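First comes the structure, then the notes that go with it.
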Amino acid sequence: MSMEASHKIDDLIAAREILKSSIEKSRDIAIAVDETGSRLKEKTHNLAYLQAATKNMACKLAVYEIRDHIDRAIGPAAAVLNVLDLVYELQDSLETNPRAAGLFIYITNIKRLQEALKLLADNCRLVTLWLEDVVQFLENNANDDDDNDDWYFVQVSKVMNILEELQGKGESGVLSSAFHKLEREYMHLLTENSFPEPVIQELQGITEVLAANDRLDRCVSIYTQVRIENVRANLQALNLEYLDIQLSETVSVQTLEGYIDQWDKHMEFAGRHLLQKEHRLCSEVYRIGSSSDDVWMNCFAKIATQCGFTDIFDFGTKICKCKKEAIKLLRLLKIFSTLDRLRLEFNHLFDGKFCVEIQNQTRHLVRKVVDGACEIFWELVVQVEMQRASSPPPDGSIPRLVRFVTDYCNQLLEDENSSILVRVLEIHNNQVELEEGPGPGVLSFEIHNIMEAVEINLKTWAKCYNDTPLSYLFMMNSHWYLWNNIRGTKLGDLMGESWLWAYEESTEYYAALYMRESWEKLLVLLSEEDVILFPGGRAVDRNLVKKRICSFCDAFDDMYKKQSNWILCDKALRWKTCQRIVEAIVPAYKRYLQRYIMGGLENENESDSSGESLENLIGSLFQPKHGKYGSSKCADLIRIKNAAAVNHYSSSPAAA
C-alpha cells in the first residue's frame, strides 16, 4: 500500500469517529419522534438509493482494500435519515397558529427545528467529506479499461447531490413562515393587552427568537408602530385642540390662562404616566443580550418623538413668543415649575444618545423660559415708572396700577413662585456668566423698588387734579388701600410694620386735609356774626339768617353733586369718611336751626328731621355708581327748609 493510501485510510478512521459521535447525537433527537411524517415517504426512494449506492460502492471498493471503512459509512447515512424524520415532524407542528399551539411550545419547536436542521447539515457535510475522499481515492486508483469505474463515479455523484440538497434545508421556508406568524402574534399582543407579567414574558420570548434570527429591526418596527399609535390615541383623548392655536408677539397670555393649566396637567400625565409605562415596557421586552440597552432605548426614543408628546412640549415654546407683559412672568414661572417638577422623570426617561432631540428641545424651552422671565422681571420697575405719564382716575378711585401691582407682588412672593423665580434668576446668571449672582435678597430688593415707584406715581398723579379736595381724597383712598389690603399678606410682611404704619398715618393725614379743604369750609356760612340785632337782645336779622341758610344749602348742594361722582371703593373707608362729614356738618347745622329759626323745644323734632335728611344725603356719597345722581334731592331739602323758615318767621314773636 502506498504512503498516500495510508494517509487516506487514517483520514477515514478519523471521519469514522466523528460520524460515530454524530450518530449518537442523532439517536437522542430521534427518541422524540414517534413515527415518520408523510413527507418522509416522499424522500424514501432517495434515501434508499443512497443506502444501496453506498453498499454497492462498498462492494466495488473492496478490491482496493477499503471495504471495512465503507461499511462503517452506513451509520452516518442512517443518522441523516433519523434527523430528517424529526425535521419533518417539527415542520408540521409549525403549520398551526402560535396561539392555538401554545406560544412557548411553538417557540420551542422553532428552536428544536433549527437545531435539527443544523445537525442534519452537519451530518450531510461529514458524509460528503468522506465521499469526497473516496472519490479522490478512486480517481487515484482508476483502471482505464474498467467501464464499471464510470458507473461508480456516477453513483457517488448522485449521492453527493442528495446530501447537498438535504444540507440546504437549513434555509427552510417553514421557518420563514413561522417567523411571520410570530410577528403577527407579536402585534396582537402589543395591541390587545394591558401588559401583565405573562404577556411581557410572551413578548420577551418572541423578541428573543426574532432577534436571534436577524429579524430584530422588523421586531422593533412592529413594536414602535403599534405603541406609537397607542400613545397617540391616549394623548388625543385629552382634548389637545389648543396645541394648534397660532401665537405671536401680539397675543396676551391672559387669553391663554386656561390652556396653560391644561398644558401643565397634560405634561404631567404624559411624563409621569404614559411615557413612564412605555419606558418600562421597552426595557422589559428588549432584554436580549449585551446590546439590549441600545435596542430598547432607541425603541423608546422613537415612541417618545413620534407619538405627539413633542407637540405638547412645543406649546410651551409658543407661550414664550407671546406679548411681553408683566403677567407673562407668572405664566413663564408656571411653565418652569412644570418642567422642574418633571425634571427627575425627564432625566430618567430621556437619558442617553437616542433621546438627544428631546434633550435639546427641553434645554431650548428652559432657556427661552428663563430668558423671557428674567427680561420681564428686571423691567418691572421701569414698567411702573412708564405709567407715571398717564392720567389718574377722574373720580379719585384706586388706580388700576396700584391694584395690579399689589396683587402681582403678592403672587410673586407666594412660596412656589418666589422659590422658582430665585432659581430662574440663578440659572440666568450662570448663562450670562455674571461675576456676582442675584443673591437671595434680589426679589425683596426689586419689590421694594417697585413699591417706591408706585408711591412716586401716586404723588405725581395727585398733582394732576385741578380740584384740591379731590387730590387729597385720591391720596387718602390710595394709601388706605395700600395699608388695608397689604397688611397680613406676603407683601405686607416683606414691607414691614413701619411701612404699613406710615401708610395708616398718611391716610389720616390726607383725610384731615380733605375735610379742611371741602366740607369744613361750609361751616363759615353758618356764622352767627351780626345775626342778633341788639346786644343782649333776642331779635334776629331774619333776612341775614335766611340768606346764610340759603348760602349753606346752595354750597352743600354744589359740593354734594360734585363729590357724588367721587368713589371710595372700600366700604369701611367710605363709612368712616361719611361719618367725618356728618360729625363736622350736621351738629352745627342743627344748632343753627334751633337757635335762630326753630327756637324752643316744640321745634326740636323739625330740627332733628332736617339733620337726619342731611345725614342720609351724606351717607349716599362715594358709592360705586350704577346710575346718575339727581340734584333734586338736595334742592328739595333747601326749599323745604326755606319755606319752614319763612313760615316760622311769620308767626314767631322773636322775629319782630
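The values are calculated or read from the model by the stated rules, or taken from the named source; none is laboratory data. On a predicted model such as this, the values are computed, not experimentally measured, just so you know. Positions of Cβ are generated from backbone atoms using ideal geometry, with glycine treated the same way; all protein chains shown enter the neighbour counts. To get the accessible areas, we keep the full protein, side chains included, count just its heavy atoms, and leave off ligands, DNA and RNA. Shrake-Rupley method; radii C 1.70, N 1.55, O 1.52, S 1.80 Å.
A few comments on the model shown:
- Residue among 425, 380, 476 farthest towards the positive dipole end of the stretch 371-495, charges placed on Cβ: 476
- The stretch 173-256 - percent of accessible surface contributed by carbon and sulfur, probe 1.4 Å: 45 percent
- Solvent-accessible area per residue in the stretch 167-257 equals 51 Å², computed with a 1.4 angstrom probe and all protein chains kept.
- Note that the stretch 341-452 presents 54 Å² accessible area per residue, ligands and nucleic acids not counted, probe 1.4 Å.
- Accessible area of the stretch 383-526 belonging to carbon and sulfur atoms, whole % at 1.4 Å probe: 51 percent
- 1.4 Å probe accessible area per residue over the stretch 472-527, in Å²: 44 Å²
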